[in-house]
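The values are calculated or read from the model by the stated rules, or taken from the named source; none is laboratory data. Being a predicted model, the structure only gives us computed values, none of them experimental. Note that we place each Cβ from the backbone using ideal geometry, even for glycine, and neighbour counts take in every protein chain shown.
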Amino acid sequence: MLLVVALAMFQPWLLFVSTTVDDALPTVAPQTTAASSATPTASASTAPTVKPTPSSTAPIVLAQGTFISHEHQTTGTAKIIKLADGSRILRLENLSTSNGPQVEGWLSDQPVIEGRDGWFVFKDGNHLSLGAIKGNRGNQNYPIPDSVNLADYSAVTLWCAHFYVSFGAAELTPSTQ
């Protein structure tokens, strides 16, 4: 019975299972200008040409940082990206960490500290969970609610809610774009 409880609590098999995710970076299709309704009807050969006018479709990196390892070896990049429609996402690129129970992506106001001293700091401050991570490897996108003031958060952590420990974290540095 004790073995069953221990297995259920620690879920050691997750250390041997990897889930790779490859979310594309969201973009918005270019807008096109429609022909005016005042344009006289013309045959296809004499109709005026309507050229598409691209809107701003390039995502803007607002802040980014490189993951450091805490409880588990963690590498990759965390980026806060503003999309053309004004929405924002947390994007994890080239993420590599261990799998684990209840690992969430958090925005946090706590400092990123290397070594064992950094494993637990994120439980003390303000944080916003963006939900369970989709996988422990690859590229992933997580929407950030419009109501969130990004100035309140300076770091991203992969937080194991089951054991109250950071797998890895990245200090966010504002971009100069």
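Condition test on ILE81, is it in contact (Cβ under 8 Å) with a residue 60 or more places away in the chain, farther than 18 Å from ASN136 by Cβ and β-branched (Val, Ile, Thr)? No.
Of all residue pairs spaced 6 or more apart or on separate chains, those with beta-carbon atoms under 7 Å, a first member in the stretch 93-119 that is free of Cβ contacts under 8 Å to residues at least 24 places away in the same chain and a second member that is surrounded by fewer than 23 Cβ atoms within 10 Å (Cβ to Cβ) are ILE113/VAL121. Would you confirm whether any residue within the stretch 99-115 is at pLDDT below 95 and surrounded by 20 or more Cβ atoms within 10 Å (Cβ to Cβ)? For the stretch 99-115, residues at pLDDT below 95 and surrounded by 20 or more Cβ atoms within 10 Å (Cβ to Cβ): present. Within the stretch 147-175, restricting attention to residues that are hydrophobic (A, V, I, L, M, F, W, C) and in contact with an Asp or Glu (Cβ under 6 Å, 6 or more places away or on another chain), the residue that is surrounded by the fewest Cβ atoms within 10 Å (Cβ to Cβ) is ALA161.
All of THR157, THR176 fail the test of being over 22 Å from ALA24 (Cβ atoms), among the polar types (S, T, N, Q) and out of contact with any strand residue (DSSP E or B) (no Cβ under 8 Å at 6 or more places or on another chain), apart from THR176.
Scanning the stretch 150-162 for residues that are under 18 Å from GLN73 (Cα atoms) and either without any contact (Cβ under 8 Å) to a residue 12 or more places away in the chain or part of a strand (DSSP E or B) (or both) yields ALA155, VAL156, THR157, LEU158, TRP159, CYS160.
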